[in-house]
Amino acid sequence: MEITITVDWGEGPVTVTTTPGAIIEWERKTKQKLTKVDQVGLGLEDIAFMAHASLRRQGTVVPPFNKFCDQLVDVTVGEDTSDPFPKAASEGE
């Protein structure tokens with residue numbers, strides 16, 4: 001599973017695609033499973049954490065997570081602003 005996230009922490013927008021390792025790191029931190037996210041939802045901190053972990057894992061120099069969050073200017077999930085975890089369509093639609 002991959003999630004494309006674009007973040008700007010004051011250095012211009014950077015797009016990163018999550019890695020399995022970054023997702024596992026998030027799951028361990030939050031004690032949630034990404035496969036259950038449609039039931040519990042993702043908050044901005046969750047998305048920022050996955051972006052930070054992915055950037056760090058690919059070798060991008062990023063500030064410590066709390067400072068990264070303080071400096072965030074913008075966060076976008078996916079290629080556009082649509083929901084990356086859409087709910088299944090109701091029957092009959």
Q: Run the accessible area of segment 24-74 with a 1.4 Å probe and give the carbon-and-sulfur part as a rounded percent.
A: 50
Q. In terms of the Cα gyration tensor, with a ≥ b ≥ c the square roots of its eigenvalues, is segment 1-56 rounded because a/c is under 1.5, prolate because a/b exceeds b/c, or oblate?
A. prolate
Q | Accessible area per residue, Å², segment 1-45 with all protein chains present, probe 1.4 Å | A | 62
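The values are calculated or read from the model by the stated rules, or taken from the named source; none is laboratory data. Keep in mind that this is a model prediction, so the values were computed, not measured. With ligands, DNA and RNA removed, areas are computed over all heavy atoms of the protein, side chains included. Shrake-Rupley method; radii C 1.70, N 1.55, O 1.52, S 1.80 Å.
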